[in-house]
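The values are calculated or read from the model by the stated rules, or taken from the named source; none is laboratory data. Keep in mind that what you see is a predicted model, and the values were worked out from it rather than measured. As a convention, Cβ positions derive from the backbone with ideal geometry for all residues, glycine included, and neighbour counts pool all protein chains shown. Remember, those area values only see protein heavy atoms, side chains included, never the ligands or the DNA or RNA. Shrake-Rupley method; radii C 1.70, N 1.55, O 1.52, S 1.80 Å.
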Amino acid sequence: MSDIIKNIEPIFSSFLVSERINVDHQKIYEWCKNQNKIDATHLKFDEPELKEFYDELKSIFNELHIKIGLVSSHYQKLQRGWLNMNPNDSGFTIPHSHCDSTFTSVYYPYIEGNIGHLELLTPNPMVQWVFQPEQDSKRNMVQDFNIFNMTRVRIVPKTGLLIIFPSWIQHLALPTKSGIRVSISVDSLSTLII
C-alpha cells in the first residue's frame with residue numbers, strides 16, 4: 001500500500017464528555033429514592049439536596065462552552081431536568097434529541113446490576129447506508145470502527161458518571177434486564193450574560 005495520503009482531518013465533529021464527578025452520590029441517590037418512581041420527576045433546580053450537583057454541573061457546562069469556542073457573551077443556563085428511576089424493564093426508550101437546548105447531560109447517582117447502556121447515534125444517518133456496519137453483516141464495509149465510520153456509541157453507566165453531548169445527538173437508554181439504573185438528565189441553553 002502506498003503512503004500518498006499524509007493527513008486525514010475530521011470535519012463536522014461532535015463531542016462527548018465522560019467524567020466521574022466529585023459530589024455526594026449516596027446523598028443524591030437517597031433523595032432520588034424519595035421521589036415518584038412511576039413517572040419522571042421534573043427538576044426545578046432549587047432542590048437543596050441537589051445543590052452540590054447543580055453547582056458542579058454549571059461549572060462543567062460553562063467550561064465546555066469555552067473549550068469548544070462558544071462566545072464569551074453567553075453562558076450555559078440549566079434549562080430543564082428530570083430524574084429517571086428505571087427498575088427492570090424490557091423496552092427501549094425511543095431515540096430522541098433535545099434540539100432546543102445546547103448541551104444534554106446524563107448523571108448516574110446509582111447503578112446496580114446488569115443495566116442497559118446509554119446509546120448515542122451519529123448525527124449523520126447516511127453513514128449507516130454507505131458503510132452498513134450493523135444492518136447487514138455480509139455487506140458491512142467497516143473493519144475498524146472510528147470517528148469516520150461509526151454509527152453509534154454505547155456508554156456503560158456507572159455510579160458517579162456524568163456524560164455530556166451536543167443536544168442534537170439522538171440517544172436512547174437500552175433495556176435493563178436485572179438491576180437499578182437511576183439517572184438525572186439536565187439540558188443547558190446558551191444564554192446571554194446580562
Using modelled amide H (1.01 Å from N, peptide plane; none on Pro or chain starts), what sits under 5 Å from the amide H of Thr102, excluding residues fewer than 5 places away?
Ser188, Leu189, Ser190
When the accessible area of the chain is computed with all protein chains present and a 1.4 Å probe, what percentage of it is carbon and sulfur?
56
Spin-label proximity, Arg80 to the range 172-194 - amide N less than 19 Å from point 7 Å beyond Cα toward beta carbon:
172-173, 183-192
Using θ = phi - 60° and Karplus 6.51 cos²θ - 1.76 cosθ + 1.60, couplings along the range 174-186 (whole Hz; Gly, Pro as x):
6, x, 9, 7, 8, x, 10, 10, 10, 9, 10, 10, 9
Suppose a student asked you for the relative contact order of the chain, using Cα pairs under 8 Å spaced at least 6 residues apart; what percent would you report?
36
Among Cys99, Leu50, Val156, which residue has its Cα positioned farthest towards the positive end of the charge dipole of the chain, with +1 placed on the Cβ of Lys and Arg, -1 on the Cβ of Asp and Glu, and the dipole taken about the Cα centre?
Val156
Result for the range 14-79: accessible area per residue, probe 1.4 angstrom, in square angstrom, of 65
Distant-in-sequence amide H partners of Leu43 (H built 1.01 Å from N, under 5 Å):
Gly81, Trp82, Leu83
Under a 5 Å amide H to amide H cut-off, with H placed in plane at 1.01 Å, what residues pair with Thr159 once short-range neighbours are removed?
Ile111
What number comes out for accessible area per residue over the range 129-194 if the probe is 1.4 Å? Units Å², please.
56
Along the charge dipole of the range 1-73, pointing to its positive end and built from +1/-1 on Cβ of Lys, Arg, Asp and Glu, which listed residue (Gln35, Phe12, Ser72) has its Cα farthest out?
Phe12
Which value, in debye to the nearest 20, describes the size of the charge dipole of the range 11-120 about its Cα centre when Lys and Arg Cβ atoms bear +1, Asp and Glu Cβ atoms bear -1, and nothing else is charged?
220
Most mobile of Trp129, Trp31, Trp82 per a Gaussian network model of the chain (Cα springs, under 10 Å)?
Trp129
With each pseudo-label sitting 7 Å past Cα toward Cβ, what's the Phe15-Ile94 distance in nm, one decimal?
3.1
Quote the charge dipole size of the chain about the Cα centre in Debye, to the nearest 20; the model charges only the Cβ of Lys and Arg (+1) and of Asp and Glu (-1).
240
Can you list the HN-Hα couplings for the range 102-112, worked out from phi with the Karplus curve (6.51, -1.76, 1.60; θ = phi - 60°), rounded to whole Hz and with x for Gly and Pro?
9, 10, 10, 10, 9, 10, 10, x, 7, 9, 9
